[in-house]
Amino acid sequence: MNVWQGMKMAISSILANKLRTLLTMLGIIIGVTAVIALVSIGQGTTKAVTDQVQELGTDMLTVNIFGRGSDTSLSYEDAMKLAQTDGVASVAPASTQNSTVKHASTDEQVSIVGTNAAYADIRDYELLQGRFLSDVDLDYRLKVAVLGSVIAEELFGEANPVGDWITINGSRFKVVGLLQEKGSSMGGSNDELVLVPLSTAERVFRSVGVSTIYVQVEESDKIEQTVSTLEAQLTKLFRGNANAFTIFNQQELLETFSSISNTMAMALGGIAGISLLVGGIGIMNIMLVSVTERTREIGIRKAIGAKKRDILYQFLIEAVVLSGMGGLLGLGIGVGISQAASALLHIDVVYSVSVMVFAFGFSVIIGIVFGLFPANKAASLKPIDALRYE
Amino acid sequence: MRTDTEPLIRISEVSKQYRMGGETVHALADASLHVLPGDFVAIIGPSGSGKSTLMNVIGCLDTPTSGSYWLDGEEVSLLKENRLATIRNRKIGFIFQSFHLLAKLSALENVELPLIYRGVSTKLRKELAQEALDKVGLGDRVHHRPVELSGGQQQRVAIARALAGNPPILLADEPTGALDSKTSVEVMELIQDLNNQGHTIVLITHDLDVAEQAKRVVRIQDGRLYAEGGVQV
C-alpha cells in the first residue's frame with residue numbers, strides 16, 4: 001500500500017466525521033494561529049521600533065553629564081574639545097531648559113535647547129524655512145531662535161514665523177528658521193522644541209555649561225573604539241570619576257531591544273508549544289476512540305491481507321493529515337488575524353516564512369508523535385479478536 | 001486419502017488449546033484434513049465443535065498449538081504474523097457469514113481492497129475488481145455502497161472480493177447464515193458454479209442442507225474430524 005492510497009483513505013475517513021474532525025483539530029489550529037499572529041505582529045512592531053532607532057542614526061552618541069560634586073556640567077569649551085578626539089566628526093553640546101515661550105497672546109511650555117550650528121546635522125533636522133543657528137550667533141550671543149514644527153504651529157498657526165518675534169523667559173528673540181517635521185521617536189516628539197544659541201541660553205537662563213553633548217562619529221563601525229576614547233577623555237576631565245557621565249549608544253539600544261524581542265519570541269514559542277502539545281493530546285485521544293470504533297474494520301483489513309505495517313500507516317497518516325490540516329488552517333487564520341490587526345490598529349506586520357514552515361512542520365510532527373501510539377494499538381490487534389468485536 | 005496430486009491443504013494432527021477461565025479447552029484435537037485442488041469440502045458441526053477454530057487455522061488467522069499445516073506447498077503453522085498476512089492475501093479468499101464489507105467503501109472499492117494490500121497498480125486493480133463483480137453478476141452495481149445493496153447482493157460483493165485476487169482457496173464461513181432461504185439458494189448456486197469453474201472451496205456450516213451441496217462432507221465434533229460415515233480422518 002503506498003502513501004497516496006493511505007492519504008485517500010485517511011481523508012475519506014476524516015471527512016466522514018466533519019464536526020469531530022474540526023473539534024479535534026481545534027487545539028492545533030489555535031496553537032498555530034497564535035504563533036503566526038503573535039509572531040507577525042510582534043516582528044512588525046519590532047521592525048517599526050528598530051526603524052525609528054535607526055532613523056536617529058547609528059553613528060550618533062549621546063553623552064549625558066551628571067558632574068562631580070557641585071560641578072554638574074561641562075563648559076562649552078571643554079565640550080568642544082571632544083571634537084578633536086580621534087573618530088569624532090562633529091560635536092553639538094546642548095543645554096536644555098523648560099521655559100515659557102510667548103507670541104502675541106499665546107504662550108506654551110516648551111524645551112529650549114541651547115546649542116551650536118552642528119546640532120542640525122547631527123540630529124538630522126532639515127530646515128523648512130529660513131536658516132539654522134550659526135557660529136556668529138554664538139559668538140555674539142544673538143537672540144535668535146529656530147522653531148520646531150509643532151511649537152511653530154501652536155504659536156503662529158498656519159502663518160510663517162520666520163522674521164517674527166517671540167519672548168523666551170522675558171527676552172525677545174527673533175525667529176530665523178523653521179524646522180521640518182521629524183515625527184516622534186522613542187522619548188517623545190522631536191518637533192516640540194525651540195533652538196537658540198548656547199551662549200545666549202546661558203545668559204538668558206543664567207546657567208553655565210552643558211549637560212548633554214551630541215557626538216557624530218566618522219565611521220559607525222568604529223563606534224566602539226570612539227566610545228572608549230571619549231570615555232577616557234571624559235574620565236580625565238572629571239578627574240577619574242567615571243560615574244560623572246554616561247555615553248549612550250544607539251547601537252547598544254538596538255541590541256538591547258532585539259534581545260528583549262528575542263526573549264518575547266521565546267516566551268511566545270513556549271506558549272504556542274504548550275497549545276500544540278494539548279492539541280496533540282486531543283488528536284491522540286480521538287485516534288484512540290477511532291481505533292476502538294473501527295476494530296472490526298481493522299479485523300477485516302487484516303483478514304484479507306493487510307500487514308501490521310499497513311494498518312500502522314493508515315492510522316498514522318490519518319493522525320498526520322488531521323494535524324497537518326489543523327496546521328494549514330491555523331496558518332490561514334493566523335495570517336487573516338495579522339491582516340485584520342494591521343488594518344484595524346494601523347500597525348505593521350511582518351510574515352516570516354521560516355516561522356510558518358516551522359509552525360506547520362511542528363504540527364505535522366505532533367501528528368506523528370501523538371498518532372504513533374493509537375496507530376500501533378490498531379496495528380497490534382489480532383485479526384480473529386478484531387473480527388469478533390461487536 | 002492418497003492421490004497423485006499434491007493436496008492444496010494438508011493438515012496433519014493439528015491441535016489447538018485455549019486457556020479459558022483457568023481451564024484448558026481442546027478446540028482442535030489431532031485434526032487432519034487433506035483438500036485437493038478443485039475440491040469442494042463442507043465442514044459441518046454444531047456450535048462449540050471447534051469449527052470456528054478450524055476455520056481460523058485454515059484461514060491463517062490463527063496458528064495451531066501443535067501439528068503441521070501445509071498450504072499450497074508451504075508450511076504455514078510456524079509463520080510470523082506478517083508472513084501470514086501475505087499468505088491470507090494471496091492464497092485465501094474469505095467469505096464471511098456477516099459479509100464483513102467496509103460500509104464506507106463502494107462495492108468496487110471493497111473488492112479492490114485485497115489487491116491494494118497486494119500492491120497491484122490502480123488500473124489493473126480496477127479491471128480485476130470489475131471482472132470479479134461481473135462474475136458474481138453485480139457488474140452494474142459497482143458504485144453502490146453496502147447499505148444500498150440487499151443481503152444477497154452484499155454477500156456476492158464479498159464473494160467477488162474473495163475472487164478478485166484469484167486465490168487458490170475460497171474459505172466460506174456460514175456464507176448463507178445471514179440470508180433468507182431464497183437468497184441462500186442463489187448464493188449456494190454461485191458457490192457451486194465457482195467450484196465447477198475450478199475454484200477449490202472449503203465451506204464451514206452447521207446446516208446439513210448447505211453441507212450436502214458440497215462434493216465431500218467432513219463432520220467436526222469436539223475438535224475431531226470425521227469423514228461422512230463416521231471414520232475419523
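What the table shows:
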item: Test: residue in the stretch A:305-312 that is within 14 Å of chain B (Cβ to nearest Cβ), aliphatic (A, V, I, L, M), without any contact (Cβ under 8 Å) to a residue 40 or more places away in the chain and not in a helix (DSSP H, G or I); result: no
item: Scope the stretch A:110-122; condition out of contact with any helix residue (DSSP H, G or I) (no Cβ under 8 Å at 6 or more places or on another chain) and either surrounded by 17 or more Cβ atoms within 10 Å (Cβ to Cβ) or modelled with pLDDT of 90 or more (or both); matching residues; result: A:111, A:118, A:119, A:120, A:122
item: Residue in the stretch B:68-85 that is assigned to a loop (DSSP other than H, G, I, E, B), of a type in the set (Phe, Trp, Tyr) and more than 8 Å from chain A (Cβ to nearest Cβ) present; result: no
item: Qualifying position, being more than 14 Å from chain A (Cβ to nearest Cβ), in contact (Cβ under 8 Å) with a residue 60 or more places away in the chain and either closer than 28 Å to residue A:310 by Cα or not in a helix (DSSP H, G or I) (or both), among B:138, B:203, B:101, B:163; result: B:203
item: Residue match in the stretch A:49-65 (condition: within 14 Å of chain B (Cβ to nearest Cβ) and in a loop (DSSP other than H, G, I, E, B)); result: no
item: Single condition residue A:262 does not satisfy, out of (1) away from chain B (no Cβ under 14 Å); (2) in contact (Cβ under 8 Å) with a residue 40 or more places away in the chain; result: (2)
item: Residue match in the stretch A:291-300 (condition: in contact (Cβ under 8 Å) with a residue 40 or more places away in the chain, part of a helix (DSSP H, G or I), more than 14 Å from chain B (Cβ to nearest Cβ) and not aliphatic (A, V, I, L, M)); result: no
item: Selected residue [modelled with pLDDT of 85 or more and within 14 Å of chain B (Cβ to nearest Cβ)] from A:11, A:41, A:30; result: A:11
item: Extreme residue, surrounded by the most Cβ atoms within 10 Å (Cβ to Cβ), among residues of the stretch B:104-131 that are more than 10 Å from chain A (Cβ to nearest Cβ) and among the aliphatic types (A, V, I, L, M); result: B:111
item: Selection count, the stretch B:8-37, where residues are surrounded by fewer than 20 Cβ atoms within 10 Å (Cβ to Cβ) and either charged (D, E, K, R) or in contact with a strand residue (DSSP E or B) (Cβ under 6 Å, 6 or more places away or on another chain) (or both); result: 16
item: Given (1) touching a residue at least 24 places away in the same chain (Cβ under 8 Å); (2) farther than 30 Å from residue A:45 by Cβ; (3) surrounded by 15 or more Cβ atoms within 10 Å (Cβ to Cβ), index of the condition residue A:388 fails; result: (3)
item: Qualifying position, being small (Gly, Ala, Ser) and closer than 23 Å to residue A:279 by Cα, among A:12, A:90; result: A:12
item: Counted residues, the stretch B:35-67 - those being among the aromatic types (Phe, Trp, Tyr) and either within 9 Å of chain A (Cβ to nearest Cβ) or more than 19 Å from residue B:201 (Cα to Cα) (or both); result: 0
item: Residues (buried (at least 23 other Cβ atoms within 10 Å of the Cβ) and among the small types (Gly, Ala, Ser)) located in the stretch B:39-86; result: B:42, B:45, B:50, B:59, B:85
item: Single unsatisfied condition, residue B:173 versus (1) closer than 18 Å to residue B:35 by Cβ; (2) crowded, with 21+ Cβ neighbours inside 10 Å; (3) without any contact (Cβ under 8 Å) to a residue 60 or more places away in the chain; result: (3)
item: Meets criteria (surrounded by fewer than 24 Cβ atoms within 10 Å (Cβ to Cβ), part of a helix (DSSP H, G or I) and either in contact (Cβ under 8 Å) with a residue 24 or more places away in the chain or under 47 Å from the mean Cα position of the chain (by Cα) (or both)) for residue A:275; result: yes
item: Only one of A:366, A:333 that is assigned to a helix (DSSP H, G or I), at pLDDT 95 or above and more than 30 Å from residue B:100 (Cα to Cα); result: A:333
item: Filter result for the condition that a residue is modelled with pLDDT under 85 and more than 29 Å from residue A:190 (Cα to Cα), over A:17, A:2; result: A:2
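The values are calculated or read from the model by the stated rules, or taken from the named source; none is laboratory data. Since the model is a prediction, treat every value here as computed from it, not as a measurement. Every residue, glycine among them, receives a Cβ derived from its backbone with ideal geometry; neighbour counts consider all protein chains shown.
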